[in-house]
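Here is the structure we will look at.
The values are calculated or read from the model by the stated rules, or taken from the named source; none is laboratory data. Just so it is clear, the structure is predicted and the values come from calculations on it, not from any experiment. All Cβ positions, even for glycine, are placed from backbone atoms using ideal geometry, and neighbour counts span all protein chains on display.
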Amino acid sequence: MNNSVTNTARLLWAGLRALLVLTLVTGVIYPLAITGIAQGLFNDKANGSEIKSNGQVVGSSLIGQAYNLPLKKGQETPEPDLKWFQGRPQNGLGTNSVNTQYSLILSGATNLAGDSGAVGGVCPPLGKVEEGTLCYQVESAKAAVIKDNSVPGYTVKASDVPADAVTSSGSGLDPAISPDYADIQVHRVAEKNNLPVAEVQKLVDEHTDGRTLGFIGEPTVNVLELNIALKALVARS
């Protein structure tokens, strides 16, 4: 009996010591070491790739933002604020319905098939395409891009509209657009802000990032960084 109690007590004490040691190693030492390495070597990425303007954090270089006008009375979908460069469509899984204090777009794709709404492999004209399909989203976005970015002296043609202007990314939160999409917005942004087209085009060129290592991926323009530079240009003008 005494031996049984002694053995049990010894096993419990050994288990408790193992728990304490593993808790210290995996719950304290390891997280502190990894956090220290991340802060020391990858400070920007470890802190969310923050973008600051006038000393204030205004977003992340990894997450796209919407640049819309305030909702009008009775309006459900906000209109884009056309004085800013616009990002890709945010056709994710929907909006945040749990914490409504933050009107977030949930990360995720539309899950619509590539031929959703297509007839014979081709999307019908906007007036004949079924609502809720991928074709409807694409054709609606294309019509809006052409309308919004066509200004006196500059007309956007359907063939000018790049794919990223009418489709969302896999996450729905892509922070960047193609230089082609940025270029067709230049005249509209210049007009809305009373700026020379050449100066706005220069901003786009300066904020165009090339392919990684010269051959991986495609050139991109971070929309938030571009709009921060645009805000500064407007202030100077």
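Structure notes:
- Flag if residue 166 is in contact (Cβ under 8 Å) with a residue 60 or more places away in the chain and not small (Gly, Ala, Ser): yes
- Residues of segment 43-61 satisfying the condition of being assigned to a loop (DSSP other than H, G, I, E, B) and either touching a helix residue (DSSP H, G or I) at 6+ places or on another chain (Cβ under 6 Å) or surrounded by 11 or more Cβ atoms within 10 Å (Cβ to Cβ) (or both): 47, 48, 49, 61
Conditions tested, residue by residue: (1) under 21 Å from residue 113 (Cβ atoms); (2) modelled with pLDDT of 90 or more; (3) in the same structural domain as residue 64 (by TED's automatic domain parsing).
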{"position": "140", "(1), (2), (3)": "yes, yes, yes"}
{"position": "145", "(1), (2), (3)": "no, yes, yes"}
{"position": "149", "(1), (2), (3)": "no, yes, yes"}
{"position": "165", "(1), (2), (3)": "yes, yes, yes"}
{"position": "169", "(1), (2), (3)": "yes, no, yes"}
{"position": "174", "(1), (2), (3)": "yes, no, yes"}
{"position": "177", "(1), (2), (3)": "no, yes, yes"}
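- Count of segment 179-196 residues, restricted to those that are more than 29 Å from residue 114 (Cα to Cα), in contact (Cβ under 8 Å) with a residue 24 or more places away in the chain and out of contact with any Leu (no Cβ under 8 Å at 6 or more places or on another chain), is 3.
- When residues of segment 1-46 are limited to those that are of a type in the set (Ser, Thr, Tyr) and more than 30 Å from residue 61 (Cβ to Cβ), the one nearest to the chain's Cα centre (by Cα): 26
- Residues being closer than 28 Å to residue 170 by Cα and part of a helix (DSSP H, G or I) are entirely absent from segment 16-23.
- For residue 81, the conditions (1) at pLDDT below 90; (2) in the same structural domain as residue 145 (by TED's automatic domain parsing) are fulfilled apart from (1).
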